[in-house]
Amino acid sequence: MIAERIQRVKESGTMKMKELAGQKKAEGKKIISFTVGEPDFDTPKHIVEAAKKALDEGQTRYLNGPGLPALREAIAKRSKADNGIPCDSSNVMVAPTKMAMFETIMATINPGDEMIMPDPAWVSYEPACALAGGKAVPVTTKEETEWRMLPEAVAEMITPKTKMILLNSPSNPCGSIATKEDIKGIADLAKDHDLVVLSDEVYENIVFDGHKHYSIAAEPGMFDRTVTISGFSKTYAMTGWRLGWLVAPKPLFKAINKVQQHSITHATTFAQYGGLAGLTESQDCVKAMVKEFSERRDLIMKLIKEIPQLHCDTPKGAFYVFPRYEGDMDSMEMAMYLMDKAEVAVTGGEAFGAAGKQHLRISYATGKKNIEDGMERIKKALA
Ligand code: GLU
């Protein structure tokens, strides 16, 4: 009954642990959840109000596939000003961020094509590539080099079958940030080998300590071969809105638009009015949330240092820590052990690739009290 292609794909490790945590809570367990990367803040009021107003004004019908013209304009303006991407609104497609990634892979990867991506990496890249018939080629990243995907390591993986390099900075699950040199080096490889780059920048605004985020599409000669994706979920605490975007050069845009036309048609109309308010009104809400994430990161790092069995360098962005634990227990087993013994839900590092062995992903997009209590429970369970 089930298609062969879907049998090649695993369940999402992050969504699975989230569901399991929910199930345990429903059974009456007092689970503290550090599973999915979901800000615990409410969506800022002015964004909610804009979407409500759109609903009241009857914005409940179809739009053109690429999205609301004013929103596409606002995204283009921001991509140019903040990211240095030489685009205009005709390059912008509004779509849920995860769908933007999926659509790009569907529009570019042929059966047998190889897609180079970091390991560890977010759980959905590899399955999207597999569903397109492609082969994900992991580049092992290391704690010693801040989990960055180094150009020299990428170069080693390029073969005649390579079609795409997938970049994710700031990264999920490690919180690492690609340096300007990393970006330049990867851009040179893409140009030398005529490759497409898919750059997932959904955590672009969640960077700490003055570190800088760079968009590879801004590098000379890169716009024509790069699809940049980003979105509202993490920056504006809008996970449930399913709203994001991609910026692509014309030929890629046209191909991706076909996937969108034949799948979701477009992102939800009234949600796009909320997104427009998010981008065009005051960014103070973003600053306040990033400040809070930065304080939470400092708190969780302090608490990790107090746990002798956990080791972790300070991440520079996103809202995850990816500590190594001592011993040789499988990371999924370790996550289950913590769920049962400590009533804390985390994601096993191997959900993100083989390089996640003996690591756990802890999402600290939750309140400080939860972080304190949850880490205390982990400390006791590991002791
Ligand atoms: N990207 C988030 C995470 O890694 C949300 C879950 C998902 O969409 O996979 O937890």
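The values are calculated or read from the model by the stated rules, or taken from the named source; none is laboratory data. Because the structure is predicted, anything quoted here is derived from the model rather than measured. With ideal geometry, Cβ positions are generated from the backbone for all residues, glycine too; neighbour counts draw on all protein chains shown.
Go through segment 247-266 and give me each residue that's in a loop (DSSP other than H, G, I, E, B) and out of contact with any Leu (no Cβ under 9 Å at 6 or more places or on another chain). Residues satisfying the conditions are Ala248, Pro249, His262, Ser263, Ile264. Checking each residue in segment 111-162 for being within 19 Å of the chain's Cα centre (by Cα) and on the phi > 0 side of the Ramachandran plot picks out Glu146, Trp147.
Number of residues in segment 144-183 that are buried (at least 17 other Cβ atoms within 10 Å of the Cβ), outside any strand (DSSP E or B) and not aliphatic (A, V, I, L, M): the value is 13. Output yes when any residue across segment 131-142 is touching a residue at least 60 places away in the same chain (Cβ under 8 Å), in contact with a Cys (Cβ under 7 Å, 6 or more places away or on another chain) and surrounded by fewer than 24 Cβ atoms within 10 Å (Cβ to Cβ), and no when none is. No, segment 131-142 contains no residue that is touching a residue at least 60 places away in the same chain (Cβ under 8 Å), in contact with a Cys (Cβ under 7 Å, 6 or more places away or on another chain) and surrounded by fewer than 24 Cβ atoms within 10 Å (Cβ to Cβ). Among the residues of segment 294-302, is any among the β-branched types (Val, Ile, Thr) and either buried (at least 16 other Cβ atoms within 10 Å of the Cβ) or within 30 Å of Glu73 (Cα to Cα) (or both)? Scanning segment 294-302, I find at least one residue that is among the β-branched types (Val, Ile, Thr) and either buried (at least 16 other Cβ atoms within 10 Å of the Cβ) or within 30 Å of Glu73 (Cα to Cα) (or both), so the answer is yes. For segment 111-137, a residue qualifies if it is in a strand (DSSP E or B) and either in contact with a helix residue (DSSP H, G or I) (Cβ under 7 Å, 6 or more places away or on another chain) or among the basic types (Lys, Arg) (or both), and the qualifying residues are Met115, Ile116, Met117, Asp119, Lys135, Ala136, Val137. Exactly one residue among Gly84, Gly67, Gly134 is out of contact with any Leu (no Cβ under 7 Å at 6 or more places or on another chain) and closer than 20 Å to His193 by Cβ, and that residue is Gly134.
Residue pairs whose Cβ atoms lie under 6 Å apart, sitting 6 or more positions apart in sequence or on different chains, and linking a residue in segment 107-124 that is aliphatic (A, V, I, L, M) to a partner that is modelled with pLDDT under 95 and crowded, with 21+ Cβ neighbours inside 10 Å, are Val123/Gly13; Val123/Thr14. Quick one: would you say Lys16 is under 30 Å from Ala342 (Cβ atoms) and outside any helix (DSSP H, G or I)? No, not satisfied.
Taken together, Asp40, Asp82 contain a single residue that is closer than 30 Å to Glu126 by Cα, in contact with a Gly (Cβ under 7 Å, 6 or more places away or on another chain) and either more than 16 Å from the ligand (Cβ to nearest atom) or part of a loop (DSSP other than H, G, I, E, B) (or both), which is Asp40. Within the bounds of segment 13-20, is there any residue that is over 21 Å from Ala267 (Cβ atoms), more than 16 Å from the ligand (Cβ to nearest atom) and aliphatic (A, V, I, L, M)? Checked against the condition, which is being over 21 Å from Ala267 (Cβ atoms), more than 16 Å from the ligand (Cβ to nearest atom) and aliphatic (A, V, I, L, M), segment 13-20 yields no hits at all.
Counting residues in segment 209-228 that are within 16 Å of the ligand (Cβ to nearest atom) and not acidic (Asp, Glu) gives zero. When segment 356-377 is limited to residues that are buried (at least 22 other Cβ atoms within 10 Å of the Cβ) and within 17 Å of Asp328 (Cα to Cα), the one that is nearest to the ligand (Cβ to nearest atom) turns out to be Arg361. Within segment 173-211, the set of residues being touching a helix residue (DSSP H, G or I) at 6+ places or on another chain (Cβ under 6 Å) and of a type in the set (Ser, Thr, Tyr) comprises just one member, Ser199. Of the residues Ala318, Ala335, the single one that is within 30 Å of Arg78 (Cα to Cα), buried (at least 17 other Cβ atoms within 10 Å of the Cβ), within 16 Å of the ligand (Cβ to nearest atom) and modelled with pLDDT of 95 or more is Ala318.
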